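Presented below is the structure to which this report refers.
The values are calculated or read from the model by the stated rules, or taken from the named source; none is laboratory data. Just so we're clear, the structure is a prediction, and the values are computed from it rather than from any experiment. Here the Cβ positions follow ideal geometry from the backbone for every residue, glycine too, while neighbour counts run over all protein chains shown.
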Amino acid sequence: MAQTLQKTPLHDRHVALGARMVPFAGWEMPVQYEGVIPEHRAVRTDAGVFDVSHMGEIEVEGPRAHELLQSLLSNDLDKIAPGKAQYTLLTNERGGIIDDLIAYRLGDCHYLLIVNASNRDADFRWLKDHEIRGSDVRDVSDEHALLAVQGPRAIERLGLDPAKAFTFAEETIDGVEVMVNRTGYTGEEGCELLCMAEDAVRLWDAVLARGVVPCGLGARDTLRLEACYPLHGNDIGPDTDPISAGLGWTCALDKEFTGVELLRRVKSEGPARRLVAFVMEEKAIPRHGMAIEGGGDVTSGSHSPMLDIGIGMGYVPAAQAAPDTELTIDVRGKPRKARVVKKPIYKREG
Amino acid sequence: MAAAETYPDDLRYHEEHDWARVDGDEAILGITWFAADALGELVHFEPPAEGATVTKDASYGEVESVKAVSDVIAPLSGEVVAVNAKVVDAPETVNEDPYGEGWLIRIRLSNPSEVDSLLGVEAYKQVLAEQ
């Protein structure tokens, strides 16, 4: 079955840089340029830029926009004023996670949601199905491009002033108007730059000219795994609940939203399984889908470029979830020892 | 640094992107530049045990990059007499020097006549051209 892959406005730039392009969530995306490991290190030590224009942007506006989102999203939007952003979950009736996303409060009655590429359509349909009079939901993804600029020198290289995490502002970078979001998916300082699709090439060229290293989705995955950020579709999904996934902090259980009764019950009874982070004690690389002895399974696994060992996340029975618990992972038929660690797996000193 | 693309003409090749350097009744085995480049920087080599038997056309170990796992196919049959400990410790050696320091195992051939079925360098380049 031939399926036409979508291309971001920066597709030709990636190809010209020699990127290895792969299909991802219906898009043709760069998985690496120079190599996953040097790109990963660039973000940990200096600054890297990722084209994440495949991600979705959904606007919700109107006098009842706030009320609509309060009833559909897990976190409490009353906690953020215009100019602030919040990590939150779109949940289903079973308390499962339709998507994890960041809500940007543009105004009292105006929100921008930046969502995973693979869930853009499902999110939009869900929001549309629940739309109420006085709330307008629009998918504005195709109008925009999104660049994540991440690393300890990212803000300095872009010529921006420091700002608090989960804030945003309109700025101009080398003549391009951008929304600068102090958010990211790497565990480093940095920002995500939202611009109009037609300005994407100018912005990308300007960011590279400032000495920021182009990075692919390969490094994005190893960076987020070291930081223990869950990946929707791997670590969390419609059949997993946020309490078991360690995302209870994103759930305002004192307000009403879809699936909250179930989440209150999981919280009070305690989850049967928990999503833990682990590092390998032996030379081996855990991978998605491998069994963990005692009834667990690996949901994300890779090699940590910073620690130079295998690392991962997975669900284990609650009794095995405490830090320092020894786990045994079935690596293609060979039992390999791992140890539960506190999240994040890697954090830069200072 | 990854090596530049080369295929030495003194090696014999297997179409699964493995090479053999035959020396009397022994052979040193490894993976080609093409295989190493396709995987990206190697971060793990799961070797066979010394003394184990490897069989032509069957997997004798695994190499892994950050993103992928690949079986390593034996171009020839025999008994493992040595495993390259340098590659076990520093798998990226394979990317840096796939035909030298980045060799994987040395075997004692159980059926030396299998060598005749392997590809010469020109035939292997033809396999690559058809990829």
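Structure summary
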quantity: Index of the failed condition, residue A:243 passing every other in (1) assigned to a helix (DSSP H, G or I); (2) out of contact with any Phe, Trp or Tyr (no Cβ under 8 Å at 6 or more places or on another chain); calculated: (1)
quantity: Residue within region A:26-36 that is away from chain B (no Cβ under 14 Å), out of contact with any Ser or Thr (no Cβ under 6 Å at 6 or more places or on another chain), in a loop (DSSP other than H, G, I, E, B) and buried (at least 19 other Cβ atoms within 10 Å of the Cβ) present; calculated: no
quantity: Entirely in region A:101-215, the helices (runs of 4 or more DSSP H) that have 3 or more residues that are in the same structural domain as residue A:38 (by TED's automatic domain parsing) and either touching a Cys at 6+ places or on another chain (Cβ under 8 Å) or at pLDDT 95 or above (or both); calculated: A:154-157, A:200-209
quantity: So residue B:107, is it over 19 Å from residue B:39 (Cα atoms) and touching a residue at least 12 places away in the same chain (Cβ under 8 Å); calculated: yes
quantity: Residue match in region A:251-270 (condition: exposed (fewer than 15 other Cβ atoms within 10 Å of the Cβ) and within 14 Å of chain B (Cβ to nearest Cβ)); calculated: no
quantity: Residue satisfying condition, being under 30 Å from residue A:211 (Cβ atoms), in contact with a helix residue (DSSP H, G or I) (Cβ under 7 Å, 6 or more places away or on another chain) and either in a strand (DSSP E or B) or not small (Gly, Ala, Ser) (or both), within set A:60, A:49; calculated: A:49
quantity: Residue count, region A:283-317 (criterion: within 14 Å of chain B (Cβ to nearest Cβ), in a loop (DSSP other than H, G, I, E, B), over 22 Å from the mean Cα position of the chain (by Cα) and not acidic (Asp, Glu)); calculated: 4
quantity: All positions within region A:262-282 that are in contact (Cβ under 8 Å) with a residue 40 or more places away in the chain and part of a helix (DSSP H, G or I); calculated: A:262, A:263, A:266
quantity: Residue tally, condition part of a loop (DSSP other than H, G, I, E, B), within 11 Å of another protein chain (Cβ to nearest Cβ) and under 24 Å from residue B:78 (Cβ atoms), over region B:30-61; calculated: 1
quantity: Condition broken by residue A:323, with the remaining ones in (1) in a loop (DSSP other than H, G, I, E, B); (2) within 14 Å of chain B (Cβ to nearest Cβ) satisfied; calculated: (2)
quantity: Matching residues in region A:37-49 - criterion: being closer than 20 Å to residue A:303 by Cα and either in contact with an Asp or Glu (Cβ under 8 Å, 6 or more places away or on another chain) or more than 12 Å from every other protein chain (Cβ to nearest Cβ) (or both); calculated: A:37, A:42, A:43, A:44, A:45, A:48
quantity: Residue that is farthest from residue A:207 (Cα to Cα), among those in region A:62-86 that are touching an Asp or Glu at 6+ places or on another chain (Cβ under 7 Å) and surrounded by fewer than 17 Cβ atoms within 10 Å (Cβ to Cβ); calculated: A:71
quantity: Subset of region A:38-54 (residues that are in contact with a His (Cβ under 9 Å, 6 or more places away or on another chain) and over 15 Å from residue A:227 (Cβ atoms)); calculated: A:51, A:53
quantity: Region B:62-107: number of residues that are within 12 Å of chain A (Cβ to nearest Cβ) and part of a loop (DSSP other than H, G, I, E, B); calculated: 6
quantity: Residue ID - nearest to residue A:55 (Cα to Cα), chosen from residues in region A:99-119 that are in contact with a helix residue (DSSP H, G or I) (Cβ under 6 Å, 6 or more places away or on another chain) and touching a residue at least 60 places away in the same chain (Cβ under 8 Å); calculated: A:115
quantity: Members of region A:146-157 that are of a type in the set (Gly, Ala, Ser) and more than 16 Å from residue A:168 (Cβ to Cβ); calculated: A:151
quantity: Tally, over region A:216-244, of residues that are assigned by TED's automatic domain parsing to the domain that holds residue A:24, of a type in the set (Gly, Ala, Ser) and under 14 Å from residue A:116 (Cα atoms); calculated: 0
quantity: Residues being within 14 Å of chain B (Cβ to nearest Cβ) and either among the polar types (S, T, N, Q) or surrounded by 19 or more Cβ atoms within 10 Å (Cβ to Cβ) (or both) - total across region A:330-345; calculated: 2
